[in-house]
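The structure appears right after this line, and notes come after that.
The values are calculated or read from the model by the stated rules, or taken from the named source; none is laboratory data. Computed from a predicted model, the values in this text were never measured in an experiment. Neighbour counts are summed over all protein chains in view; Cβ atoms, including those assigned to glycine, are modelled from backbone coordinates with ideal geometry. Protein only, heavy atoms only, side chains kept; ligands, DNA and RNA dropped before computing areas. Shrake-Rupley method; radii C 1.70, N 1.55, O 1.52, S 1.80 Å.
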Amino acid sequence: MLRSLILGAIFLGAAGAAQAREEVRLWHALSGSQATALERLAQRFNAAQKEYRVQVSYRGALEATFAQALALRRNAAAPHIVQIHESITDDLVAEQLIVPLWQAMVVARQSFDGRVVRAVGGAFTDARGRLLALPYASTTPVLYYNRDALRHAKIVPASPPATWYKLPEALAALAEAGSACPFTTASPASVLVENMSAWHNQEFATQDNGFEGEGTRLAFNDRLMVRWVAMLSTWRKSGYFVYARRGGEAETRFATGECALLASSSESYPALRARVKFDLGVAPLPYYDDFDDAPQNTLAGGAAFWLLSGRPLQDYRGAARFLAFLARPEIQAEWQASTGFVPFTPAAYELAQRRGYYLRQPGDEIAARQLAGKLPAEESRPPRIADRRRILGIIDEELEAAWTGAKPPLEALNAAVARGNELLSGARH
């Protein structure tokens, strides 16, 4: 009888201790292998300590996830951590909808192992360079290519040229060898306008790309972009460039072997490796070599893990501890391998390099080098402008007008800037 009581007391004590673990809720918009990778990391964190239990929950698209979280803010059932897109960083801060990550880390006595790559963390920092959120789902565009198609076109070596001036030769050879789609791109406004501007250290918007705040105006209708959009229009007429209108169309046409070259997000690398049946290559985005600063750096776009405000600061200690766990170099290195997202500290990149990971998957190193090769300049910082996603939609519409012949390239670019600036003016009133 006594033995049963003792065993029962031990069992109840253990159960009570388990129940006493503080719950940390994380809401995200990841799917497939990326969601699985995040769930596994949460399980590892839960198994490694006894104070906190992280519960990971998929809540749909980014906009829906944020809307649900916002509706519950200040409610006990609200998530501590929410995945939110970078485009509304300024609104989140101005309306005090988030707890700055650096502040929660100080209270929790947590820190990151090493500094943050400025081209990755720049979209999520305050004026003093302190992290507002964890840039854990960041990507940058790279150039994917079909080595088998290039070999068939007798392009030696079977890789694309480094500059846009030399690329037409390769595209012509591909077309002559029977390719109906030598080159295509995903997300044209982001890949071909925002990132091309940064890659050449050219201004996308005034006021240091919006970092100086008031009075920011779009300014990408310059010499670089007029030349670039006009060149793509010429390539389209020659059959070198195929414009993919729908989301996912460009990557599908590349994955099936129809298109030989694809400009798209580094996030796509793991999925493409698993999907394609040809010899897949990855190269840096080409550049114009008559721009003195090119190549500069590309931009790290995507969503981050933010701390939703509404609780006393000490209630974020578990969340801060989990985010510090995610920031460990070895965890970041694993995360890149399974998701395609870039590491955000040099320590994580260097660890993957020492382990020989980039020898096995050199494509993943391309993205990291594009971001970390040079410190961002004022013109190559990630744009911090209001209504950025709507502005990118406007740019996509005007690019389509240029590439379908509805407008000359300069007229299309001027229209994109004028419409975007009208939107910015409305946001300031």
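Would you confirm whether any residue within the stretch 108-118 is assigned to a helix (DSSP H, G or I) and more than 19 Å from the chain's Cα centre (by Cα)?
Looking for residues that are assigned to a helix (DSSP H, G or I) and more than 19 Å from the chain's Cα centre (by Cα), one finds at least one in the stretch 108-118, hence yes.
What are the residues in the stretch 171-182 that are touching a residue at least 24 places away in the same chain (Cβ under 8 Å) and not in a loop (DSSP other than H, G, I, E, B), if any?
Within the stretch 171-182, 171, 172, 174, 175, 181, 182 qualify.
For the stretch 58-77, give me the residue count where each residue is open to solvent by less than 20 Å² (accessible area, probe 1.4 Å) and in contact with a strand residue (DSSP E or B) (Cβ under 6 Å, 6 or more places away or on another chain).
Going through the stretch 58-77 one residue at a time, the tally reaches 2.
Among the residues of the stretch 371-386, how many are in contact with a strand residue (DSSP E or B) (Cβ under 7 Å, 6 or more places away or on another chain) and either under 14 Å from residue 121 (Cα atoms) or in a helix (DSSP H, G or I) (or both)?
Residues of the stretch 371-386 that are in contact with a strand residue (DSSP E or B) (Cβ under 7 Å, 6 or more places away or on another chain), as a first pass: 383, 385.
Still in the list and also either under 14 Å from residue 121 (Cα atoms) or in a helix (DSSP H, G or I) (or both): 383.
Number satisfying all stated conditions: 1.
Among the listed residues 179, 159, identify the single one that is open to solvent by 10 Å² or more (accessible area, probe 1.4 Å) and modelled with pLDDT of 95 or more.
Going through 179, 159 in turn, just one is open to solvent by 10 Å² or more (accessible area, probe 1.4 Å) and modelled with pLDDT of 95 or more: 179.
With respect to the numbered conditions (1) farther than 28 Å from residue 349 by Cα; (2) among the hydrophobic types (A, V, I, L, M, F, W, C); (3) free of Cβ contacts under 8 Å to residues at least 60 places away in the same chain, which one is the sole condition not fulfilled by residue 78?
With respect to (1) farther than 28 Å from residue 349 by Cα; (2) among the hydrophobic types (A, V, I, L, M, F, W, C); (3) free of Cβ contacts under 8 Å to residues at least 60 places away in the same chain, residue 78 is out only on (3).
Could you tell me which residue of the stretch 243-299 is farthest from residue 121 (Cα to Cα), considering only residues that are open to solvent by less than 60 Å² (accessible area, probe 1.4 Å), among the acidic types (Asp, Glu) and within 20 Å of the chain's Cα centre (by Cα)?
By that ranking, first place goes to 249.
Based on this model, can you work out whether residue 325 counts as in contact with a helix residue (DSSP H, G or I) (Cβ under 8 Å, 6 or more places away or on another chain), open to solvent by 10 Å² or more (accessible area, probe 1.4 Å) and touching a residue at least 40 places away in the same chain (Cβ under 8 Å)?
Against the criterion (in contact with a helix residue (DSSP H, G or I) (Cβ under 8 Å, 6 or more places away or on another chain), open to solvent by 10 Å² or more (accessible area, probe 1.4 Å) and touching a residue at least 40 places away in the same chain (Cβ under 8 Å)), residue 325 qualifies.
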